[in-house]
1. For the stretch 72-121, just list the percent of Cα-Cα distances falling in each 10 Å bin from zero outward, please.
2. Taking a threshold of 32 Å on the Cα-Cα distance, which of the pairs Lys324/Lys375; Lys202/Lys375; Lys375/Lys444; Lys102/Lys219; Lys275/Lys324 fall above it?
3. Mind listing the long-range amide H neighbours of Met394? Cut-off is under 5 Å, sequence gap 5 or more, other chains count too, H placed in the peptide plane at 1.01 Å from N.
4. To the nearest 20 debye, what charge dipole does the stretch 234-337 have about its Cα centre, counting +1 at the Cβ of each Lys and Arg and -1 at the Cβ of each Asp and Glu?
5. Would you kindly derive the ³J(HN,Hα) couplings of the stretch 85-101 from the backbone phi angles with the Karplus curve 6.51 cos²θ - 1.76 cosθ + 1.60 (θ = phi - 60°), listing them in order in whole Hz, with x for Gly and Pro?
6. Among Asn418, Leu152, Ala206, whose Cα sits farthest toward the positive end of the charge dipole of the chain (+1 at Cβ of Lys/Arg, -1 at Cβ of Asp/Glu, about the Cα centre)?
7. Report, as a whole number in µm² per second, the diffusion coefficient that Stokes-Einstein gives for the stretch 57-179 at 25 °C and 0.890 mPa s using the Kirkwood radius over alpha carbon pairs.
8. How big is the dipole moment of the chain about its Cα centre under a simple scheme where the beta carbon of each Lys and Arg is +1, that of each Asp and Glu is -1, and everything else is neutral? Debye, nearest 20, please.
Amino acid sequence: MSVSPVLDVESSGNAALDSILGGGIPSRSVNVIAGEPGSGKTILTLQMLFHAARRGRTCLYFTTLSEPAIKVVRYMQSFDFFDAGLIDDKIHFSDLSSAIRKGPEATTSELVARIERHEPAVVAIDSFRAIGEFFRAPGSARAFVYDIATQLASWGTTALFVGEYARPDYTAFAEFAVADGIIRLGSEPHGLTSLREVEVLKLRGADYISGRHFFDIGKGGVVVYPRVRSPASTEAAPAVADRIATGVAGIDALLDGGLPRTSSTIVEGGSGTGKTVLALNFLIEGVRSGERALLFTMEETPDQLRAIASSLGWDLAAFEAAGKLVIRYTSPVELSTDRFLNDATDEVRRTGARRVVFDSLTTMALGVPSERRFKELVYAISKHMRGLGASLLMTSETQHIYGTVALSNRSVSFAADNLVHLRYVERDGRLDRAVAVVKARGVKLNTELRSATIGEGGMTVSSDKA
């Protein structure tokens, strides 16, 4: 049985970016890091170099006709990845501007001399485009690019050509023709703001993840959030024979014993029908049965939720202090789908939560640019939570508060195994609450509409038909 060769890679220093790259940048390859001015190219490049240097690898960073090395170093000192002790030991800075002004041959000679002296594992040239623009004769620029690429390949060096390139430049500059990899950094308008994005356009020999992924720049440097997608591995189906209580006995009775463990549930209903209260019942039941619980809220703040719970006889702060419950608030105005999913899955792993609530999908949708992206996010949340072994409950608002059952306009019920509908019924001139279990995969359910009330201890569902 033949075994596929394993590709040697240089880690970027960011686990999420490495996963997008299929493990990292292939060793001994030539790569272009392209993007607009201010897109983060230099930060990402030096982040990679400092990561390689910490692993004992020698790196060379050449500046050209853009920013001098001393200026680059000064700005990089504000980032956590910067380590002054590695400079001139493992990371060597060199200015090519004087050699470039003398022409291609002098530039090549200077590069060769520096590389032969330090024998680096990684070489970065920033800005590489500035060299090509200075060598204005097309033949000179192309010959220089091919000579440098050939020399780097013979030395077994991983090369990063950094430059300010727009998409039309990809067919105009020789470096794109010889490159084994092309990584583009840019930005995407998002309402009144913009989101940074990274895209792998080419990476020979690597099983990379295509498409646009978002990233932030902070104290730690470039932090990448892979685009919303389902887990790579196929997660186990919900354990129908293993049931968990919802915290509302009447709903458990309709479900013939409770929700299947690791299943996903959407609780839909009009405003004020008790969606958040039912979600709290679900979480508190888990805490009382020894499971850690996690609540992602996008409507009420943590303080508001604690006040609501207190009015029902629950002390959420005590559960939080004991490490049994975690509440995370995200403003829908600042929501980035890829970052949100990444942060949510990380939080589930960190806390070991076995019950997770997202309250609410309706508010979450305000921060998602399109209905398709919203549905992708809900579907991915459902799959990721199951893959992490968590039982999931999500709330969603409907337009109708009483009368015929009406599902939400967003039509995300396909992403859930179970669907619980809350509504009002008109009785003797007043509106009373009612609940029905509309769907439960693999469960022998009772779809009767039952009367519901909210008071001490949360929601109570009677055995009487509404």
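1. All Cα pairs considered, the percentages come to 22, 40, 31, 7.
2. Lys102/Lys219
3. Residues meeting the criterion, in which the H sits 1.01 Å from N, are Thr265, Ile266, Val267, Phe358.
4. Result for the stretch 234-337 is approximately 180 debye, rounded to the nearest 20.
5. x, 8, 6, 6, 10, 10, 10, 10, 9, 9, 9, 8, 4, 5, 5, 4, 5
6. It is Asn418, whose Cα lies furthest towards the positive end.
7. Value of D from the Cα-based Kirkwood radius: 164 µm²/s.
8. Using only the charged Cβ atoms, the result is roughly 580 debye.
All of the numbers you see were taken from the coordinates with simple rules; none came from a lab. Because the structure is predicted, anything quoted here is derived from the model rather than measured. Here Cβ is always computed from backbone atoms with ideal geometry, including for glycine, and neighbour counts include all displayed protein chains.
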